[in-house]
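Taken together, the values in this text are just the output of simple stated rules run on the coordinates, not laboratory data. Everything numeric here is computed off the predicted structure, so don't read it as measured data. Methodologically, a virtual Cβ is constructed for each residue, glycine included, from the backbone with ideal geometry; neighbour enumeration extends over all protein chains shown.
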Amino acid sequence: MSYVVLILGMAVITWVIRAAVFVLGDRLVFPPLVRIALGFVPVTVLTAIIVPMAVSPHGASAELSWRNPQLVGALAAVAVSALTRRPLLTIAAGLTVFFIWQCVVLK
């Protein structure tokens, strides 16, 4: 299958789904269970993006050791997030630990 057709097909499907929400507007009512489930979508997507990069930064096998700065930074960010619930502080702490750990491990 041609990549162009595949990409255009995905673009059309994405556009139809998004346009349907705007066109239908208030007439589209989700059941309470769906509304609750939609609240978890951002966390789920973010986790699906971050965990593979932290656990396997080079794309091969999992690197679950103290020598993996991505994993150490992610664990620090999880700890700060659990303690403070402040997104900016979580990002700052995760990045700080990552860069410091990278300098310490690589030297």
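The longest stretch of the chain left intact once loop-based chymotrypsin sites (Phe, Trp or Tyr not before Pro) with at most 14 other Cβ atoms within 10 Å are removed from consideration, loops following DSSP, is 67-107. With contributions of -39500 (n - 2.57) from each DSSP H run of at least four residues, the per-residue ellipticity at 222 nm computed over the chain stands at -25000 deg cm²/dmol.
For residue 2 and residue 102, the difference between the fully extended length at 0.36 nm per residue and the C-alpha to C-alpha distance is 31.8 nm. Compute the relative contact order of the chain as a whole-number percentage, counting only Cα pairs closer than 8 Å that sit 6 or more residues apart in sequence. It rounds to 16 percent for the chain. A simple spin-label model places pseudo-atoms 7 Å from Cα toward Cβ; at residue 44 and residue 23 they are separated by 2.6 nm.
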